[in-house]
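First comes the structure, then the notes that go with it.
The values are calculated or read from the model by the stated rules, or taken from the named source; none is laboratory data. None of the values given here were measured: they were computed from a predicted structure. Because the Cβ atoms are built from the backbone with ideal geometry, glycine has one as well, and the counts that use them run over all protein chains shown. These accessible areas exclude ligands, DNA and RNA; they are computed on the full protein's heavy atoms, side chains included. Shrake-Rupley method; radii C 1.70, N 1.55, O 1.52, S 1.80 Å.
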Amino acid sequence: CRCVDLDDLLLLFAHVVLEGRIVVLSSNVALLGEFCEALRCILFPLHWQHAYIPLLPACLVDFVESPCPYIMGMLTGSIAPQQLPPGVVVVQLDDGSVSHSDSYELPQRDREALASSLEREASASILRAEGMAPSHGTVHLLAPSPALGLRVRALSSPEATSPAQGRG
């Protein structure tokens with residue numbers, strides 16, 4: 001399980017806000033439901049008012065042909081991504097890929113602010129859950145984990161370099 005990186009999450013946010021059609025594929029049923037719910041939750045304080053089916057049964061696969069906005073989760077193998085209609089965003093959680101034909105980009109300033117906020121919130125949430133205190137100069141990002149679909153990955157930030165290291 002690889003989930004998605006921050007850039008793909010921001011792309012998905014744009015598609016959700018603009019009421020796009022999103023199909024999430026995974027071989028892990030629990031992760032599928034959690035990820036679909038997370039897509040709904042990133043709209044807070046707004047609410048997703050369209051079709052939301054976190055686990056679409058294979059016998060109802062024709063529902064993806066709907067022209068209305070939706071978030072639908074499906075087990076890997078229920079449908080080939082090539083069989084989906086144009087304009088549908090396909091999130092493959094098992095390999096961490098997001099494919100789309102329409103590119104909705106957030107304005108750069110808003111994108112940077114949202115990315116910074118997501119990094120800060122993810123770091124605080126994960127550190128609280130693990131009972132750890134943040135180390136000085138470390139930024140914690142969400143990265144995949146087999147258990148929850150998330151784990152902490154520490155990256156050095158510019159503040160982490162000491163003045164002696166920063167001078168040449």
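Scanning segment 29-51 for residues that are of a type in the set (Phe, Trp, Tyr) and open to solvent by less than 50 Å² (accessible area, probe 1.4 Å) gives Phe35, Trp48. Among the residues making up segment 1-45, those that are touching a residue at least 12 places away in the same chain (Cβ under 8 Å) and part of a loop (DSSP other than H, G, I, E, B) are Cys1, Arg2, Cys3, Val4, Asp5, Leu18, Glu19, Gly20, Ser27, Asn28, Ile42, Leu43.
Among the residues of segment 23-49, those identified as β-branched (Val, Ile, Thr) and out of contact with any Phe, Trp or Tyr (no Cβ under 7 Å at 6 or more places or on another chain) are Val23, Val29.
Here segment 1-23 is the region considered, the condition is being in contact with a Ser or Thr (Cβ under 9 Å, 6 or more places away or on another chain) and farther than 19 Å from His50 by Cβ, and the residue that is modelled with the lowest pLDDT is Cys1. Taking segment 67-83 as the range and being polar (S, T, N, Q) and open to solvent by less than 40 Å² (accessible area, probe 1.4 Å) as the test, only Ser78 passes.
Would you confirm, using the coordinates I've provided, whether Ala122 is at pLDDT below 85, part of a helix (DSSP H, G or I), within 19 Å of Leu12 (Cβ to Cβ) and not charged (D, E, K, R)? Against the criterion (at pLDDT below 85, part of a helix (DSSP H, G or I), within 19 Å of Leu12 (Cβ to Cβ) and not charged (D, E, K, R)), Ala122 qualifies.
One residue alone among Ser66, Ser78, Ser26 is of a type in the set (Ser, Thr, Tyr) and modelled with pLDDT under 90, and that residue is Ser78.
Taking each residue of segment 84-109 that is open to solvent by less than 30 Å² (accessible area, probe 1.4 Å) and looking for partners that are in a strand (DSSP E or B) and of a type in the set (Gly, Ala, Ser) with beta-carbon atoms closer than 6 Å, six or more apart or interchain, yields Val90/Ser99; Leu93/Ser26.
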